[in-house]
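The values are calculated or read from the model by the stated rules, or taken from the named source; none is laboratory data. As the structure is a prediction and not an experimental result, all values here were calculated from the model. Because the Cβ atoms are built from the backbone with ideal geometry, glycine has one as well, and the counts that use them run over all protein chains shown. Just so you know, the surface numbers come from the protein's heavy atoms only, side chains and all, with ligands and any DNA or RNA stripped out. Shrake-Rupley method; radii C 1.70, N 1.55, O 1.52, S 1.80 Å.
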Amino acid sequence: MHNFANNILVTGGAGYIGSHVVKQLLENTDSVVTIIDNLSTGRMTTIETLKTIGGNRLAFLHTDLKNFSEVEGIIKSNSIDAVIHFAASIVVPESVANPLKYYMNNTVNTTNLINSCVKCGVNRFIFSSTAAVYGEPAKVPVLEDTARLPINPYGMSKLMSENVLIDSGKAYKDFKYVILRYFNVAGADGKTRIGQSFPEATHLIKVAAETAVGKRNKMYIFGDDYPTADGTCIRDYIHVDDLADAHLKALIYLENNESEVFNCGYGHGYSVKEVIEVMKKVSGVNFNVEISGRRAGDPATLVAGNEKIKSMMKWQPKYNDLEYICKTALEWEKKLS
Ligand SMILES: NC(=O)c1ccc[n+]([C@@H]2O[C@H](COP(=O)([O-])OP(=O)(O)OC[C@H]3O[C@@H](n4cnc5c(N)ncnc54)[C@H](O)[C@@H]3O)[C@@H](O)[C@H]2O)c1
């Protein structure tokens, strides 16, 4: 078996994506996993579910990353040898209204975490970044060397964290990182054990699932006059379990390779209207949809160039199927009801 690392620290492991990665670590490796989460958007029930999978190979510490010295103590006392860092604030409009929350939680806390890793000799660091670092790219598919020009504080807070990692990787020779830039993450565990739980989520597939189960009486399409076939925006939706697998691959990758940046997406997209049609089909509910105006900062098409992750990390998606993505999101939403 690969050396995934003996003791892995996962920040934000009670959240949506982190919990799917922890699930896979517990199911597919023999690593011991320690989660740090402040439960601001993550849920204790998610931790309880993960405990049923991992038993005593999973430890949960309810704390905040801003408690730097406590976090460093946790790294030392658990002999952590790899960190997977999800914890962040992730709502774009909130980042515009309250940028300091984003720079403090995303950039300052990440910088302190990296500092503790370098001090404690943790030399594998996997970072959750985002397509938001690209802003409104001129060309699609978006390749990893596209200029990073974020258009909101959320994207900027992530870009700054990337830069801290990149400079640290250059300066501290034993310290290696993988930056994963996620495109649109969607879907849920195929056994409906975990999923996206935060009620104010703004992601299209989550909103469509909420509308299909009647938690919303209608949903909106923000703009149908974009230069795409049906006039609505096109995005690259990646199933959360395929994304989770990329994190396990990244741990293996860093065993024998240098630091790297990878896009995570399928390399093709679906329009908002196509997604809504598929959600209507899998749910059997013809829910109400209203056309509304464009939102600021929504590029017409955003699709990941994914040749790099496929060739260098040997990552192969298993759930590249919009029906499966919508179905798992819907089943999870029903369970949450
Ligand atoms: N969901 C997406 O589509 C998407 C896309 C691109 C990038 N990302 C990135 O993926 C990561 C995870 O996103 P998610 O969708 O799972 O979000 P989430 O809100 O479900 O998970 C974040 C977790 O971090 C915890 N957390 C936040 N701040 C913390 C702090 N200071 N200390 C301790 N715990 C803290 C929250 O309680 C939560 O459990 C984020 O870094 C985000 O920027 C997500």
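Summary of values
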| quantity | calculated |
| --- | --- |
| Kirkwood Rh, angstrom, the stretch 175-265 [1 / mean 1/r, Cα pairs] | 15.7 |
| Linear extension gain, ASP174 paired with GLU27, 0.36 nm per residue minus alpha-carbon span | 50.0 nm |
| Alpha-carbon radius of gyration plus Dmax, which is the widest Cα pair, for the stretch 33-79 in Å | 11.2, 30 |
| Point-to-point label distance, ARG295-LYS334, nm (Cα→Cβ direction, 7 Å offset) | 2.8 |
| For q = 0.16 Å⁻¹, Debye-computed log10 I/I(0) when each Cα of the stretch 194-337 counts as one equal scatterer | -0.91 |
| Helix-only mean residue ellipticity at 222 nm for the chain, each DSSP H run of n ≥ 4 adding -39500 (n - 2.57), per residue, nearest 500 | -12000 deg cm²/dmol |
| Cβ-derived FRET efficiency at R0 22 Å, ASN115 paired with ARG57, nearest 0.05 | 0.20 |
| Pairwise Lys count, the stretch 59-163 - Cα closer than 19 Å, eight or more residues apart or different chains | 6 |
| Total formal charge among the other residues, if their Cβ is under 11 angstrom from that of THR11, Lys/Arg +1 and Asp/Glu -1 | -2 |
| Residue-count net charge about CYS326 - beta-carbon cut-off 11 Å; Lys, Arg +1, Asp, Glu -1 | -2 |
| Pairs from LYS249/LYS280; LYS23/LYS206; LYS23/LYS280; LYS51/LYS176 whose Cα-Cα separation, in the structure shown, is over 32 Å | LYS249/LYS280 |
| Charge context of VAL289, other residues only, Cβ under 11 angstrom, K/R +1, D/E -1 | +1 |
| Isotropically averaged projected area of the chain, using the convex hull of Cα atoms (one quarter of hull area), nm² | 15.6 |
| Normalised per residue, the volume of the convex hull around the Cα set of the stretch 56-98 (Å³) | 108 |
| Total charge dipole magnitude, the stretch 65-119, about the Cα centre, Cβ charges on Lys, Arg, Asp, Glu only, Debye to nearest 20 | 80 |
| Label-to-label distance, nm, for residues given as SER79 and GLN316 (7 Å Cα→Cβ offset) | 3.5 |
| Fluctuation leader among ASN67, ASN78, ASN123 - the chain, Gaussian network, Cα springs under 10 angstrom | ASN67 |
| For the chain: relative contact order, % (alpha-carbon pairs under 8 angstrom, 6 or more apart) | 19 |
| Cα-based equivalent ellipsoid, the stretch 285-337: semi-axes from gyration tensor eigenvalues, Å | 29, 22, 9 |
| Paramagnetic label zone (point 7 Å from Cα along Cα-to-C-beta, SER40; backbone N under 14 Å) in the stretch 64-81 | 64-68 |
| Percent of alpha-carbon pairs separated by more than 28 Å within the stretch 93-228 | 33 |
| Radius of gyration, Dmax [the stretch 78-159; alpha carbons; angstrom] | 14.3, 45 |
| Solvent-accessible ranking of ASP81, ASP145, ASP242, largest area first, probe 1.4 Å | ASP145, ASP81, ASP242 |
| Efficiency of FRET between ASN98 and ASN256 - r from beta-carbon atoms, R0 51 angstrom, step 0.05 | 0.75 |
| Spatial separation of Cα centroids for the stretch 47-72 and the stretch 290-319, in angstrom | 31 |
| For the chain, size of Cβ-based charge dipole, Lys and Arg +1, Asp and Glu -1, in debye | 360 |
